[in-house]
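The values are calculated or read from the model by the stated rules, or taken from the named source; none is laboratory data. The structure displayed is predicted, hence computed values, not measured ones. Cβ placement follows ideal geometry from the backbone for every residue including glycine, while neighbour counts extend to all protein chains displayed. SASA here: full protein model, heavy atoms, side chains in, ligands and nucleic acids out. Shrake-Rupley method; radii C 1.70, N 1.55, O 1.52, S 1.80 Å.
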Amino acid sequence: MPLPRLCFLSYREIRQRAQPIVEAYRDRALIEVVDGSFEQALNLARERLARGTVDVFVSAGSNASLLRRHLQAPVATIQLGGFDILQALIEARELSQRVGIVMYGQTIPELESVKALLNIEIHQHAYQTPDDARDCMARLREHGVQVVVGSSLVVDLARQDGLTGILAYSLASIRQGFEDALELARVARLEADRHAQLDGVLRHLQDAVLAVDPAGRVTAANPAMLAVLQRPQAAVLGQTLALLCPELSLDSTLRSGQEQGGNVLRLGGRDWLVHRTPILAQDAVVGAALTLYDAHSIHEGDNRLRMQQRQNQRGARYRFADLGGASPAWLAALDEARRFASTGLSVLLQGETGTGKELVAQAMHHASERAHRPFVAVNCSAFAEGLLESELFGHEEGAFTGARRGGRRGLFEAAHTGTLFLDEIGDMPLGLQTRLLRVLQEREIHRLGASHPLPVDVRVIAATHQPLAQRVQQGLFREDLFYRLNTLCLNLPPLRQRPDDLLPLAQQLLAQRLRALKLPAQAAELLAGWGEALRAHPWPGNVRELENVMDRLAVSQLPPRRTVPWPEQLIHAAGTPVPGAAVSTGAAPSAPHPDTRPAQRAAEALARCGQHHGRAAEALGISRSTLWRWLRSA
């Protein structure tokens, strides 16, 4: 560690007395001795501060007081103690019975009690400026005083007037002054190190930060804040923040001592979230800090967090125990799924939309040896062909325009050692079907733009509502891929084939929605008498459609609450029953033939809803894209 740098600002008399002390401390500090007093001493000190050549000043009397008052720098004061005065008076008594004492600032009343003890006559005076000290010399001469005790300046003026001057400071006091200076330098160095660390942190913060002192003057500002203020550091530090930028003023925080956050401020063409915090020391407000958070960055960070959370939630959540139902067709399907789960072979799940294909796939994953490995799901109909290829197989950097820097792994890699669920496999483009077949056969993938294959260990569970055998005959699906996927095939029954499960499922779904809406109504009471109506409806949207109906029923209980609608009114959304259903009589509508084709159901729904595709899709409990797909399959 470098030696501390001390500047001993003195006058000739005290400098001469302190010379042995200075020499004794040369191995502990770099000491510069400078003669000067009052304004001259202050200017000399400012020069050394500007050059950065001093850590602590050492001085006494008027010089020390002046430096402490005008400089933002550590000042070690050589204190004048009672023993120093007593020792100087004893020395003065050897020369005269009439002694003058001239002190900086104020006289010492306690000396009156010493006069009788020392058997001398003491004349005390105090000065503030050199001219005051000269006047004191003149008054002492008038009283016949020949010996004067005081500071370096007093001793020098006394000698100029033909009087005897005795310096009041002892070697012990001077030594203690230097010890104090070394301790101040140590503390100042620790503070400087902490300040440097804090400054390093502030400089690397993307948020804009500044701090002010109790008077509201800026004491620190990081580069991000300087960019917001559009000013260099020299034009900011030391300035009053309320004048520099009134919108950022910390005056109210300094007055109240209360933290303030959550305010939005428009500044520099950008939106900022403003946080104001008081800086406390021993429960007293000694400053305040301001932080500006970029609203755009917060928004982007929130989006990334949500995306990460969605990715983390991709894993399988449902187990066989979560899949309620007691109808024979459903229980038989679950028994088959449990057997398939333990094999590790590819499985093809077939069933109408809303029959729970992904839930069953998740349960199979949990019941397999891969339960603690990744479960990754992708909807093959939700992406354009080019995007789906990149999504499934990944890409190398520069593989195409907009490719992510460093490349990106695909879903097959993400599902390595686990399960990949390919939903709506029947809608996969033919070109990708060829690549998927190769992955299933060779157990390796090629990233887009890559020259070498990557081995993968993935179990594939595919699902579709499409009749794949018919699509093979129509040339819309590869026959070899169909047989590769169709190693194990499981058909999930539609809701209309599970009549005993309708009411329990409806009660479960309604209870969940009532809890979400914080409604006190009971699901069992609201569904009393619904059994026949639930069994009569064909439920083309299956559980998804049933969930929509229960949502509508729950919402009908929101204030102002109205009478529970007829089941048929909620089931058909607009109060128009499906063909063959009874209207407003309470009689159960007759169900259409269970083999009604999706295209026919879509056309019937459009007719009922005045050719409005949105309402038709809602009535069927399906998405618009599925509705369009059903219409195209005619």
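The mean accessible area for residues of the stretch 16-153, using a 1.4 Å probe and ignoring ligands and nucleic acids, is 51 Å² per residue. When Rg and the Kirkwood Rh are both derived from Cα coordinates, the Rg/Rh ratio for the stretch 73-201 amounts to 1.16. Separation of the stretch 343-385 and the stretch 598-627, taken as the distance between their Cα centroids, equals 27 angstrom.
A cut-off of 5 Å between modelled amide H atoms, ignoring neighbours fewer than 5 places along the same chain, links V58 with C7, F8, L9, A76. Look at where the Cα atoms of the stretch 157-197 and of the stretch 316-339 average out, and the two centres are 88 Å apart.
In order along the stretch 273-287, the phi-based Karplus estimate (6.51 cos²θ - 1.76 cosθ + 1.60, θ = phi - 60°) of 3J(HN,Hα) comes to 9, 9, 10, 10, 9, x, 9, 10, 9, 6, 6, 10, 6, 10, x Hz; Gly and Pro are listed as x.
Among the GluC sites (Glu not before Pro) in the stretch 87-167, those located in a DSSP loop and surrounded by at most 12 other Cβ atoms within 10 Å of their own Cβ are E94. Positive end of the dipole of the chain (Cβ unit charges, origin at the Cα centre): among Q258, A619, V147, the Cα lying farthest that way belongs to A619. Using Cβ point charges alone (K and R +1, D and E -1), the dipole size of the chain about the Cα centre works out to roughly 1900 debye.
Between amide H atoms placed 1.01 Å from N, distances below 5 Å from I101 occur with H123, Q124, H125, V149, all of them 5 or more places distant or on a separate chain.
Once you divide the Cα radius of gyration of the stretch 92-132 by 2.2 N^0.38 Å, the number left is 1.25. Once the mean of 1/r is taken over each pair of separate Cα atoms and inverted, the stretch 434-521 shows a Kirkwood hydrodynamic radius of 17.3 Å.
Just to compare against my own numbers: the Cα pair-distance distribution for the stretch 1-75, 5 Å bins, whole % per bin, please. In whole percents, the pair-distance histogram is 3, 16, 30, 25, 17, 7, 1. Principal-axis analysis of the Cα atoms of the chain puts helix 328-341 at an angle of about 60° to the longest axis.
Could you tell me the center-to-center distance, by alpha carbons, between the stretch 42-108 and the stretch 514-560 in angstrom? Between the Cα centre of the stretch 42-108 and that of the stretch 514-560, the gap is 91 Å. Beyond 26 Å, what share of the Cα-Cα pairs of the stretch 8-156 remains, rounded to the nearest whole percent? That tail contains 31 percent of the Cα-Cα pairs. To test your reading of the geometry: what angle, between 0 and 90 degrees and rounded to tens, separates the Cα axis of helix 38-51 from the longest principal axis of the chain? The answer is roughly 40 degrees. In the chain, the DSSP beta bridges split such that about 40 percent are antiparallel, to the nearest 5. Take the stretch 506-560 with all the other protein chains still there, run a 1.4 Å probe, and you get 47 Å² of accessible area per residue. For the stretch 12-144, what does the relative contact order come out to in percent, with C-alpha contacts under 8 Å and a separation of six or more? Taking the mean separation of contacting Cα pairs over the length of the stretch 12-144, I get 16 percent.
Each Lys and Arg Cβ is given +1 and each Asp and Glu Cβ -1; about its Cα centre, the stretch 418-459 then shows a dipole of about 180 debye. Rolling a 1.4 angstrom probe over the protein heavy atoms with all chains in place gives the stretch 173-262 an accessible area of 56 Å² per residue.
For the listed peptides 265-276, 165-176, a ranking on the average number of other beta carbons within 10 Å per residue, highest first, reads 165-176, 265-276. Working note: Debye formula, equal point scatterers on the alpha-carbon atoms of the chain, no solvent; log10 I(q)/I(0) at q = 0.06, 0.07 Å⁻¹ is -0.63, -0.70. This model, with +1 at the C-beta of Lys and Arg and -1 at the C-beta of Asp and Glu, gives the stretch 437-567 a dipole about its Cα centre of some 340 debye. If you roll a 1.4 Å probe over the chain with all protein chains in place, what percent of the accessible area is carbon or sulfur? Result for the chain: 50 percent of the exposed heavy-atom area is carbon or sulfur. Against the chain, whose longest principal axis is taken from its Cα atoms, helix 430-442 shows a tilt of about 80°.
Coupling constants for the stretch 453-464 follow from the phi torsions by the Karplus curve (6.51 cos²θ - 1.76 cosθ + 1.60, θ = phi - 60°), and in residue order they are x, 10, x, 9, 10, 9, 8, 9, 10, 9, 9, 7 Hz; glycine and proline get x. Applying the Karplus relation 6.51 cos²θ - 1.76 cosθ + 1.60 with θ = phi - 60° to the stretch 362-377 yields 3J(HN,Hα) values of 5, 5, 5, 4, 5, 8, 9, 5, 9, 4, 9, 10, x, 10, 10, 10 Hz, where x marks Gly and Pro.
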